[in-house]
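S.K.: Got a structure for you, written out below as structure tokens; questions coming shortly.
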């Protein structure tokens, strides 16, 4: 995995977690599994992120009995988390649109580049027209 790929994934993990929680409450292992399947990120990355998001007030937690063991700690998105999600989605869409435009050659004065011969020929024609 390239360094840029790792950094891009790390940069959007919070956005992805909030998007998942905006659909339904979930426990950390389930979130980690979904993230691992979707963006190939390990469990070890999710748990510190969930603690930080809870500390920042973006998610809340509660315990729910589990049919197959001890109670599970569930995460729920908070109103502040929903606000953050909306802001992050807007930023992400603006960022990806700008990157797509750069990749596709749009914007930034995008014009087809001229070959040296063509530019030289046009320069000669301009001098000829001016005389």
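Read-outs: derived from the displayed coordinates by stated rules, not from any lab. Model, not experiment: these values are computed from the prediction. Note: ideal-geometry Cβ built from the backbone for every residue, glycine included; neighbour counts use all protein chains shown.
S.K.: At R0 = 41 Å, how high is the FRET efficiency between residue 99 and residue 43 if r is their beta carbon distance? Nearest 0.05 is fine.
M.R.: After rounding to 0.05, the efficiency reads 0.90.
S.K.: Taking the Cβ-Cβ separation of residue 92 and residue 63 as r and a Förster radius of 41 Å, what is the calculated FRET efficiency to the nearest 0.05? The partial results should precede the final answer.
M.R.: On the way: r = 32 Å, r/R0 = 0.78.
Computed FRET efficiency for residue 92 and residue 63 comes out at 0.80.
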